[in-house]
Amino acid sequence: MLRTRVITALVLVTGLLAAMFLLPAAGWLALAALVCAGAAWEWGGLGGFSARQRGIFAALMGAACLLVGTMSGLAQERAVPPGGLAALYALGGLFWLAVVPVWLARKWRIQGLASVVAVGLVVLLPPALALAHLRLVSPWVLLAAMAAVWVADIAAYFAGRAFGRHKLAPAISPGKTWEGAGGAVVGVLVFGLILMATLAPAMLNGTSLAIAAPLLIALTALSIQGDLFESLLKRQAGVKDSGTLLPGHGGILDRIDSLTSTLPLVGLVTLWFAH
């Protein structure tokens, strides 16, 4: 199993980096739409859709990503900020910041086709568009955002194994601890500090750090929420993985759960500073 996970991870990372730096804007938007469609297929499975309903939902989500992305200029090689996406990012951010904490505390279930579709739109479409938007700003910006989430996940794992004593959400994900969450925060803060020191040493001042630190902490908290939210849905659906597309890693949602909650925030912050 470990060998399969490593091989799959290497293939995914190699393919991702090649696509991120070599594809034209239109090609990357199409890839983002494909990821959105695949995630929507798995989302429909967690929501109890039939195979036909899952197929329709996946096709519509992929088409929506392509349409909105194209209308926002994400298929063109230009640096004009797609301000039209701000409302979608804000909607996604509001969902993760205000709704999901209550959702996790009360362990709500998604019931009914309309609810599955509506929540799926909010969870999947904004991050898919942010995936295309941030890469258009710079592949390095997107890579840094994704790397921060990976750092949070890795730091949480090792801090949890070394120091974990107090369960974070035992009824949802028994393996996660408050100590692991603290390790994730420390890991992301250190990662952000290294990036600033390497790429923009002039920004290492009190004002910049006072702005960056809360944003990085919020990013880490959201990444953990994204993971917990998908874990809750899987537990309620009675499945271990969201899918079987990625050998040793489960499905697409299993790989992007933390990105669904973090990329809209990064996109919104990027738009804010662009203006």
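Taking other C-beta atoms within 10 angstrom as a stand-in for reagent exposure, Thr8, Thr198, Thr177 fall in the order Thr198, Thr8, Thr177, fewest first.
Ordered from longest to shortest, the equivalent ellipsoid semi-axes for region 192-275 are 33, 13, 11 Å, each the square root of 5 times a Cα gyration tensor eigenvalue. Looking at region 142-246, the trypsin sites (Lys or Arg not before Pro) that sit in a DSSP loop and have at most 15 other Cβ atoms within 10 Å of their own Cβ are Arg165, Lys240. Taking the Cβ of Ala184 as the center, what net charge do the other residues with Cβ under 11 Å away carry, scoring Lys and Arg +1 and Asp and Glu -1? Every neighbour counted, the sum reads -2.
Using bins of 5 Å that start at zero, the share of Cα-Cα pairs per bin across the chain amounts to 1, 6, 12, 17, 19, 18, 14, 8, 3, 1, 0, 0, in whole %.
Just want the ordering: Leu10, Leu31, Leu60, from fewest to most Cβ atoms lying within 10 Å of their own Cβ.
Leu10, Leu60, Leu31
Projected label points at Val239 and Val13, each 7 Å from Cα along the beta carbon direction, are separated by 2.7 nanometres.
In a Debye calculation with equal point scatterers on the alpha-carbon sites of region 58-137 and no solvent, what is log10 I(q)/I(0) at q = 0.20, 0.21 Å⁻¹? Cα-only, vacuum Debye calculation for region 58-137: -0.91, -0.97.
So what is the 222 nm mean residue ellipticity for the chain from helices alone, if each DSSP H run of at least 4 adds -39500 (n - 2.57) and you divide by all residues, rounding to the nearest 500 deg cm²/dmol?
Working: 10 runs with 207 residues, N = 275.
That comes out to -26000 deg cm²/dmol.
Taking θ as phi - 60° and the Karplus parameters 6.51, -1.76 and 1.60, the scalar couplings of region 259-269 work out to 6, 4, 8, 9, 4, x, 5, 5, x, 5, 5 Hz in sequence order, x denoting glycine and proline.
Can you give me the Rg/Rh ratio for region 22-81, using Cα atoms for both radii and the Kirkwood formula for Rh? Walk me through the intermediate numbers first.
On the way: Rg = 13.2 Å, Rh = 12.0 Å.
Reported Rg/Rh, Kirkwood definition of Rh: 1.10.
What is the gain in length, in nm to one decimal, between Arg78 and Leu91 on full extension, counting 0.36 nm per residue of separation less the C-alpha to C-alpha distance? Could the numbers behind the result be given before it?
Details: separation 13, 0.36 × 13 = 4.68 nm, distance 2.52 nm.
So the extension gain works out to 2.2 nm.
Region 1-153: Rg/Rh from Cα coordinates, Kirkwood Rh? Let's see the in-between values first.
Working: Rg = 16.4 Å, Rh = 16.7 Å.
My calculation of the ratio gives 0.98.
Just so you know, all these numbers are worked out from the coordinates, no wet-lab data involved. Note that the structure is a prediction, hence the values are computed from the model and not measured. When we count neighbours, we look across all protein chains shown, and the Cβ atoms used for this are built from the backbone with ideal geometry, even at glycine.
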